[in-house]
Amino acid sequence: MTANVTTLGERRRYDDLVAHYRNDLYRYAFWLSRDPDVAEDVVQEAMLRAWKKFSDLRETSQAKPWLLTIVRRENARYFERQRAGSVDLDQVAGELAVSGDDPDIAVLREGILRLETDYREPLVLQVLMGFSTQEIADILELTQGAVLTRLHRARGKLKVLLADVPGDGTQQ
Amino acid sequence: MNEHTDNSHDKAQDRTAAPAHSDGSGDPAFEALLERALKIPVPERRAEATPASSPARHPLRWLAFAATVLVAAGIWMSAGQPPGMVPVEATAGLSSEFISHVLHEPQALQAGNASVNPADVDRVFEQAGARRTGEIGTVTYLKLCPFRGHDVAHFAVEGIAGPVVVMLLPDEMVSGPVVVREEGFEGTILPLPIGGSMAVAGRPGEDLELIQARLVEAIQWRL
């Protein structure tokens, strides 16, 4: 009778987990979709899905990659369902620039937005989500060497952009 | 190089292990900038909301979810208790601890207690992981109590035969309604479809079904 009933203790554990990772998940969804509205929808759907499958999560230590995978799949589903058209990157970059007062940050954000997904995603996974290159390789189903190459190229592209910013001294 | 074989989950180690930085992460200033750039502002409601607690962009979906929970709760109540009653022996520990706790706070059982301020009720419920969404009757006793490792709401409402004691037990799961009949109390520990349970007990002759139904309708867990 109660096989499908979870305790509030589980809900609290879930709430704590989601509260802990929500910002990262939103940012990950944003950099995947490059659309703030889509990112919100994706995270919302992903969290609902995560709750429904919460009993599958055996170890809290695995929560982060578990949640992230759900967001990643939900993003793919979203674009499959919506047959989404191209994102207006100029508009998104403009909206981001409003909130960032550092010109280097604005340049980098626009640069990241315009990176190919193959480069953008491993970069986000490493820098933002804190995954090792091996973990990224597992998540993206690539070899670690391929991940390293993509990360290197992603950074290279962004550094070129920064080099064009007058007076910038962060690039090598 | 280390990065090609390193299975460490530590980001810092991963990004600094190889002198050559095959992933291009050898410039700390650039890395700091990159991290700042990726950390875009998160919309306020996103930072605060959880999918189980906020309708966010899909209010109808969450209304439907809430309705499902309420309907399920209603089914529990309308189905009647006897067919699903769990033998007392099966959960004697919980039932006995409930009554022991009740007896340990005799002030809850005093008739004529002043009614508790509704704002205090809401505050204690919140601390106990619950929410009052409707009328629960006149509360004459209220306390946040430690019970089996959790802080739970222990309160009393006015009944026809005196105070009826209630404990909200979001972390206690019972497989069916449990009869409580100890120390001169009669009551039930009701499992709730959304998880957890609610223990209700009063003196013989009390209309517990009415009070239970009212409470089930008026109390939700903080999802």
Subject >> Cross-chain or 6+ apart pairs with Cβ under 9 Å, the stretch B:207-223 first and within 11 Å of B:Val164 (Cα to Cα), then among the hydrophobic types (A, V, I, L, M, F, W, C) and in a helix (DSSP H, G or I) >> reply: B:Gln212/B:Met77
**OP:** May I ask you to verify whether B:Val124 is under 13 Å from the mean Cα position of the chain (by Cα) and either modelled with pLDDT of 90 or more or within 14 Å of chain A (Cβ to nearest Cβ) (or both)?
**Re:** yes
**OP:** Working only within the stretch A:104-142, note down all residues that are facing chain B (nearest Cβ under 8 Å) and of a type in the set (Val, Ile, Thr).
**Re:** A:Ile105, A:Ile112, A:Val124, A:Val127, A:Thr133
**OP:** Identify all residues within the stretch A:141-151 that are assigned to a helix (DSSP H, G or I) and surrounded by 17 or more Cβ atoms within 10 Å (Cβ to Cβ); write none if there are none.
**Re:** A:Gln144, A:Val147, A:Leu148, A:Thr149, A:Arg150, A:Leu151
Subject >> Index of the failed condition, B:Val152 passing every other in (1) over 14 Å from the mean Cα position of the chain (by Cα); (2) modelled with pLDDT of 90 or more >> reply: (1)
Original post:
Conditions: (1) facing another protein chain (nearest Cβ under 8 Å); (2) under 16 Å from the mean Cα position of the chain (by Cα). A:Asp35 meets all but one. Number of the miss?
Top reply: (1)
Original post:
Out of curiosity, is A:Leu96 part of a helix (DSSP H, G or I), modelled with pLDDT of 80 or more and touching a helix residue (DSSP H, G or I) at 6+ places or on another chain (Cβ under 9 Å)?
Top reply: no
Original post:
Going by the structure shown, is A:Glu74 under 19 Å from A:Glu121 (Cα atoms), touching a residue at least 24 places away in the same chain (Cβ under 8 Å) and out of contact with any Cys (no Cβ under 9 Å at 6 or more places or on another chain)?
Top reply: yes
Original post:
Taking the condition modelled with pLDDT under 85, out of contact with any helix residue (DSSP H, G or I) (no Cβ under 6 Å at 6 or more places or on another chain) and away from chain A (no Cβ under 14 Å), does B:Gly205 pass?
Top reply: yes
**OP:** For B:His150, work out the one condition from (1) within 14 Å of another protein chain (Cβ to nearest Cβ); (2) within 26 Å of B:Gly112 (Cβ to Cβ); (3) surrounded by fewer than 20 Cβ atoms within 10 Å (Cβ to Cβ) it doesn't fulfil.
**Re:** (2)
**OP:** Take B:Arg214 and decide whether it is away from every other protein chain (no Cβ under 14 Å) and out of contact with any Gly (no Cβ under 7 Å at 6 or more places or on another chain).
**Re:** no
**OP:** Go over the candidates A:Ala19, A:Ala84 one by one and state the one that is at the interface with chain B (Cβ under 8 Å from one of its Cβ atoms) and modelled with pLDDT under 85.
**Re:** A:Ala19
Subject >> Residue that is nearest to A:Arg72 (Cα to Cα), among those in the stretch A:103-124 that are in contact (Cβ under 8 Å) with a residue 40 or more places away in the chain and under 15 Å from the mean Cα position of the chain (by Cα) >> reply: A:Glu121
Subject >> the stretch B:153-185, residues that are surrounded by 24 or more Cβ atoms within 10 Å (Cβ to Cβ), within 14 Å of another protein chain (Cβ to nearest Cβ) and of a type outside the set (A, V, I, L, M) >> reply: B:Pro170, B:Glu172
Original post:
Limited to the stretch B:193-208, what total is found for residues that are crowded, with 24+ Cβ neighbours inside 10 Å and part of a loop (DSSP other than H, G, I, E, B)?
Top reply: 1
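The values are calculated or read from the model by the stated rules, or taken from the named source; none is laboratory data. Here the structure is a predicted model, which means the values were calculated and not measured. Every residue, glycine as well, gets a Cβ built from its backbone with ideal geometry; the counts of neighbours run over all protein chains shown.
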